[in-house]
Amino acid sequence: MILVFKHVFYKNYVGLSLWPFIILKEDSLKDDEVLINHERIHLRQQRELLILPFYILYISEWLLRTLLYLDSYRAYQNISFEREAYAHEKDMQYLEKRKTFGFLRYLTR
Ligand SMILES: [Zn+2]
């Protein structure tokens, strides 16, 4: 389910997923298939990790990578969940063929 909230977004971020919702900054973004696919990949990751552990792992990985790179944006881009979502967001069939815990492949790259 897609919701629109204009005022929850920081800087250039325009979408986020909070299972079972995708939250967008603007109504027009509903037509952005790549963005919606990216967020749907996150919803799948959240579901397979039973939601709460996803957020704990996501934030832990972000904090560790921030310490590693001393760059919070680069840390965000390299979180395994984001790497998987960015790598496959243009593939509209990805979720049909994705293996469970597909993000693990992106943990060590
Ligand atoms: Zn993402």
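One table, with the values for the structure above:
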item: Cβ crowding within 10 Å averaged over residues, with 85-97, 36-48 ranked highest first; result: 36-48, 85-97
item: C-alpha center-to-center spacing [the range 5-31, the range 50-109] in angstrom; result: 18 Å
item: Extension reserve of the MET92-GLU26 stretch, reckoned as 0.36 nm per residue once the Cα distance is removed; result: 21.6 nm
item: Cα lying deepest toward the dipole's positive end in the chain, options TYR69, TYR55, TYR86, charges on Cβ; result: TYR69
item: Cα-based Lys proximity count in the chain, under 22 Å, for pairs eight or more positions apart or on separate chains; result: 7
item: Axial C-alpha extent at least 18 Å, average Kyte-Doolittle at least -1.0 - helices from the chain (DSSP); result: 52-69
item: Heavy-atom accessible area order for LYS25, LYS11, largest first, 1.4 Å probe; result: LYS11, LYS25
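The values are calculated or read from the model by the stated rules, or taken from the named source; none is laboratory data. Note that the coordinates shown come from a computational prediction; the quantities given were computed from them, not determined experimentally. All Cβ positions, even for glycine, are placed from backbone atoms using ideal geometry, and neighbour counts span all protein chains on display. Calculation scope for accessible area: heavy atoms of the full protein, side chains included, ligands and nucleic acids excluded. Shrake-Rupley method; radii C 1.70, N 1.55, O 1.52, S 1.80 Å.
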